[in-house]
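Remarks on the structure that follows.
The values are calculated or read from the model by the stated rules, or taken from the named source; none is laboratory data. Please read these numbers as outputs of a predicted model, since none were measured by experiment. No Cβ is skipped: glycine too gets one built from the backbone with ideal geometry, and neighbour counts run over all protein chains shown. Ligands, DNA and RNA are excluded from the accessible area calculation, which covers all protein heavy atoms including side chains. Shrake-Rupley method; radii C 1.70, N 1.55, O 1.52, S 1.80 Å.
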Amino acid sequence: MKLFKLRGGVHPEGWKGLAAERAIRVLPLPERLFVPLQQHVGAPAQPLIKVGEHVLKGQIIGASQGFISAPVHASTSGRIVAIGDYTAAHPSGLAAPTVTIESDGEDRWLETDSPSDPFSLLPEEIAAAVGAAGIVGLGGATFPSAVKLNLSRKNNVRTLIINGGECEPYITCDDRLMRERASDIIEGVRLIRYAVGAVDVMVGIEENKPAALASMRAAAAGTEVQVIAVPAMYPMGWDKQMIRALTGREVPADGRSADIGVLVHNVATAYAVRDAVRFGRPLVSRLVTVSGGAVAEPGNLEVPIGTLVETLFQYCGGFSEKPARMVLGGPMMGIELFTAAVPVVKGTSGVLALTAREIGSTQASPCIRCSSCVRACPVGLLPLEMAAHIRAGDSNAAVSRGLKDCIACGCCSFVCPSHIPLVHYFNFAKGELMEQERGKLKQEATRKLADERIARTQRIERERQEAAEKRKAAREAREFAAKQAALQTTTEVA
Amino acid sequence: MNAIAHSPHAHAPISVNRVMALVMLALTPATLFGFWLYGWPAINVWVMSLLAALLGEALVLRLQQRAVRPVLMDGSGLLTAWLLALSLPPWAPWWIAVLGSLFAVIISKQLYGGLGQNPFNPAMAARVMLLISFPMEMTTWVAPAPLGSIHAPGWLEGLAVTFTGSQVDGMASASLLGHVKTEFTRGIGLEQALSGYYAPLDALLGSRAGSLGETAALFLLAGGLFLMFKRIITWHAPVAMLIGVVVPALIFSAVSPAHYAGPLYHLLSGGLMLGAFFIITDPVTSPNTATGQFIFGLGCGLLTWIIRTWGGYPEGVAFAVMLMNAATPIIDHYVKPRIYGRNRKGVSMSIEPLKKES
Amino acid sequence: MITALTSLTILGAILGLILGVAARVFRVEGNALVAELVDILPGSQCGQCGFPGCAGAAQALAEGRAPVTLCPPGGRAVAIALAAKLGVDADVSGVQDSVPMIAEVREELCIGCTRCFKVCPTDAIMGAAQQIHSVFREACTACGKCEEVCPTESVKLQPVPVTLHAWYWNKPVTQTMQTVAA
């Protein structure tokens, strides 16, 4: 099939060899799991259990609330020992509401009835099952999948694209999944296709994963699913990049992929959809790549959600040398971890322990306007200009140059010969603008409150005055009447 | 504890030092060839340029109370001085080199705020300053006398040429462009002026009068290709500049060969090769986008040809580059990449409602 | 010489006259600006700026009697907006340093006297007599009036706690002008 021309992008050293040939291993059940209530884009889940309660694996412990939200399930059977704040997988190191489960060691599933043939379900029933299973975009975006399915069905999406573009260096969990469980993925893909009523189905896999391509092609043979090799580059896994490569079309800046009739899901999401629809099993575990130069035995693990990152490192033989930096996710977009005592969440594709040599960053020096960042940007922005404006304290100027279109992929920072932290500038500016926006909203609200209060106090004052005047008038009238009466009496007397 | 690091947690094996070092490496063959061709005085001029740039930059940084080492170590000052040295007459007196270098790094670079802030290419600004202020010294050329040949001055003689201004008899010569310009003013036609003075093969191989960077056209071309291969520069600006010179030269020489020189003559003379591959590819003073760089190069080429053909100076690369440097902000303002999902004006692509499948 | 002097003098006089007339004829009423400035200010009429309410502050700003950094509850954002509206360059670095504050009731000290509740310009304090009061965070402008009237120092302005939702990256510190340490 003819592929369409792409723009920008970089070719970082892959380091995939560290873990790519290691088959998936199931992590032994940890004693405690720390399941955050918000692991997705949107509103956090509302806790449904109490401390001390016993739960079964797959039992719902947090209910989705609002249109864009997802439920959270117990990753193993055991007792709830705490519901409270626990360090989140977030660069701030702040805590987030988390449910702590003490495993009873039985790992017993909640009994559910599952359909004999999932294709006999109605499309909306599949979307509902996906929503109930708490499935979110497992490529890292963590957008609730059911919302995308419903939106796509309403928009009459024609094309379903399954994203096998695992472009972050080191990360190989999707690669392993495609090699080892291809037929399950294909079944999930066909279920999604059925749920949204798509016509064409394309699975885009980077050409640097020949084994995954071969096994997926074998599994897709005889179905309507087309498996297509796409160029290996970063960020190939950006959904809009994958759309451009396979269809030649671009998603409008103010729209969604559904607006051009395309739905994109990650391969791991398709796998989770199959588990949810066929077996009624919610998303309680995922594949995580443990890698990096400081890890003794890198590998790919199947991990219950809520396992601490340190447990993963320990299982992989600990550190061969003291890591210079621990990263959650890939090196291009992942976040640095202060501590390894943070839980794996639904969007965690990898945990890395990197050596100083692998990070390879030094002190920033002045921009030489080499425009490497302009060539590298897959969106078509001018990172050097935007960063200069932000540095000068003018984030709004950066917005007019496309700051809000920035996907923070990190290509610009990666290629910058001056080692300028461009993406850091952009994320700072985005945060600053959001704060300004919040401040403005709050100001409008408080002004309204103040105006209402002033009106109220004035009204009370006025009412009091009116009442006083009324009393005064009444008194005067009484006095006048009394006077008149007295006068009359005197006259009569006279 | 260090502040938390923002992604990406990986970096391409590239740095400003490496960029500068690669450009210098690309210049080395041409420079060595020039040294061989013009002997010790050329080496002296080159050394003086680089020394002056280093000391001048250090002095300014001291005055600004900034750390000296990291700025000197980035190599940009050295590269500027190197490029300037390649554009000077090889037998220029020492103070020309020193003055030019100081002007380049202090006035044209550090006073604007240092690396990355200067609007004009420092080497070309310095060359233009020298050309305007000292036309005599800047247009006195010598015929090549390769090291080891009979005419070549020895080491001591070389020092005398550079530092005391002593002239070696019978060496003075005119550069090709200068000669043709002079002959034109005397009313002598092109063909006659060129006869016996210009042989394309000689020009290609460099055995003629000119600056270091002028005579080694082939080596400069090779250096430029090396930089493209290393992805330090892109083809857009250099190719556009060559087009900008070749196309008008082709047209006009076809119409009137007696008055207008052909493309080969233009390509192989003056600072065109140096300009195309090493000067206008200077990132600081050229536009940010590939299209912008192409326009920039085209403008440099056209202006060079125009100045050479109709202007008062025999050579126009430096003037052309400075004029186009001044246009760079305008080019950057109008030529911007299209943002994904938006049209050229930055408006989001329209969202067309999808037709229901029948 | 004489001609030049006279002609220039006459020219100057005429131009000056035109400017003077234009200044009177096209005089812009100040009220439009004041109204726009009032819109920018928080509107809680807290009086921390020393002017009678936000309208008074806007009047002073329009007449140039007050700096754009006059509004503590408005913080940096308001200072920048005011500077932009008035077309002045303002040094907002001082304002930036003050962290956003919010009133907080220390429950163990609150006696339920309702004084804070009565002075709050935005009705951000909830409660009734003899009951512990609490602050509705979204409505508090940190004007500090409650702090002044509280008899038990139970209400205090505290820095707004950083939440996961509100956190964002700091501005990168890059030493592009490496200064020699003194």
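Within the span defined as segment A:136-146, one or more residues are crowded, with 22+ Cβ neighbours inside 10 Å and assigned to a helix (DSSP H, G or I). Filtering segment B:285-319 to residues that are among the aromatic types (Phe, Trp, Tyr) and either at pLDDT 95 or above or in a helix (DSSP H, G or I) (or both) leaves B:Phe294, B:Phe296, B:Trp305, B:Trp310, B:Phe319.
Between B:Gly213, B:Gly270, B:Gly262, which is at pLDDT below 90, at positive phi, more than 14 Å from chain A (Cβ to nearest Cβ) and open to solvent by less than 30 Å² (accessible area, probe 1.4 Å)?
It is B:Gly270.
Looking only at residues of segment A:207-259 that are assigned to a helix (DSSP H, G or I) and hydroxyl-bearing (Ser, Thr, Tyr), we find that the one that is farthest from A:Thr159 (Cα to Cα) is A:Ser215.
All conditions in (1) closer than 29 Å to A:Ala232 by Cα; (2) in contact with a Pro (Cβ under 7 Å, 6 or more places away or on another chain) hold for A:Thr76, with the sole exception of (1). No other residue among C:Ala166, C:Ala142, C:Ala103 is within 14 Å of another protein chain (Cβ to nearest Cβ), in a strand (DSSP E or B), closer than 30 Å to A:Gly93 by Cβ and at pLDDT 80 or above apart from C:Ala103. The C-beta contact set for segment C:34-45 (first residue more than 9 Å from every other protein chain (Cβ to nearest Cβ), second residue among the polar types (S, T, N, Q) and surrounded by fewer than 21 Cβ atoms within 10 Å (Cβ to Cβ), distance under 7 angstrom, 6+ apart or interchain) comprises C:Val34/C:Gln59. In this entry, A:Ile205 is excluded by the filter for residues that are open to solvent by 10 Å² or more (accessible area, probe 1.4 Å) and in contact with a Leu (Cβ under 9 Å, 6 or more places away or on another chain). Return the residues of segment B:154-172 that are at pLDDT below 75 and not acidic (Asp, Glu); say none if nothing qualifies. Matches in segment B:154-172: B:Gly165, B:Ser166, B:Gln167, B:Val168, B:Gly170, B:Met171, B:Ala172. As for segment A:189-202, it holds no residue that is closer than 20 Å to A:Ala20 by Cα, open to solvent by less than 10 Å² (accessible area, probe 1.4 Å) and not in a loop (DSSP other than H, G, I, E, B).
Comparison of B:Gly100, B:Gly34, B:Gly56 shows that the only residue that is closer than 23 Å to B:Thr281 by Cβ, modelled with pLDDT of 90 or more and open to solvent by less than 20 Å² (accessible area, probe 1.4 Å) is B:Gly100. Could you look through segment A:359-400, keep only residues that are open to solvent by 30 Å² or more (accessible area, probe 1.4 Å) and assigned to a helix (DSSP H, G or I), and pick out the one that is farthest from A:Tyr425 (Cα to Cα)? That would be A:Arg375.
Checking the condition at pLDDT 90 or above and among the polar types (S, T, N, Q), which residue from A:Gln488, A:Gln465, A:Gln484, A:Gln436 passes? The match here is A:Gln465. Which residue is farthest from the other protein chains (Cβ to nearest Cβ), if the candidates are limited to segment A:260-290 and must be outside any helix (DSSP H, G or I) and β-branched (Val, Ile, Thr)? Among those that are outside any helix (DSSP H, G or I) and β-branched (Val, Ile, Thr), it is A:Val284. Collect the residues in segment A:425-463 that are of a type in the set (A, V, I, L, M) and surrounded by fewer than 13 Cβ atoms within 10 Å (Cβ to Cβ), keeping them in residue-number order. Listed by number, the residues that qualify are A:Leu441, A:Ala455, A:Ile460. Against the condition more than 27 Å from the chain's Cα centre (by Cα) and open to solvent by 20 Å² or more (accessible area, probe 1.4 Å), how does A:Ala356 come out, does it pass? Spelling it out, A:Ala356 is indeed more than 27 Å from the chain's Cα centre (by Cα) and open to solvent by 20 Å² or more (accessible area, probe 1.4 Å).
Taking B:Ile251, is it touching a residue at least 40 places away in the same chain (Cβ under 8 Å), more than 23 Å from B:Pro122 (Cα to Cα), open to solvent by 20 Å² or more (accessible area, probe 1.4 Å) and in a helix (DSSP H, G or I)? Walk me through it before giving the result.
Details: touching a residue at least 40 places away in the same chain (Cβ under 8 Å): no; more than 23 Å from B:Pro122 (Cα to Cα): yes; open to solvent by 20 Å² or more (accessible area, probe 1.4 Å): yes; in a helix (DSSP H, G or I): yes.
It is false that B:Ile251 is touching a residue at least 40 places away in the same chain (Cβ under 8 Å), more than 23 Å from B:Pro122 (Cα to Cα), open to solvent by 20 Å² or more (accessible area, probe 1.4 Å) and in a helix (DSSP H, G or I).
If you go through segment A:92-131 and pick out every residue that is buried (at least 18 other Cβ atoms within 10 Å of the Cβ), touching a Lys or Arg at 6+ places or on another chain (Cβ under 8 Å) and more than 22 Å from A:Gln46 (Cα to Cα), you end up with 1.
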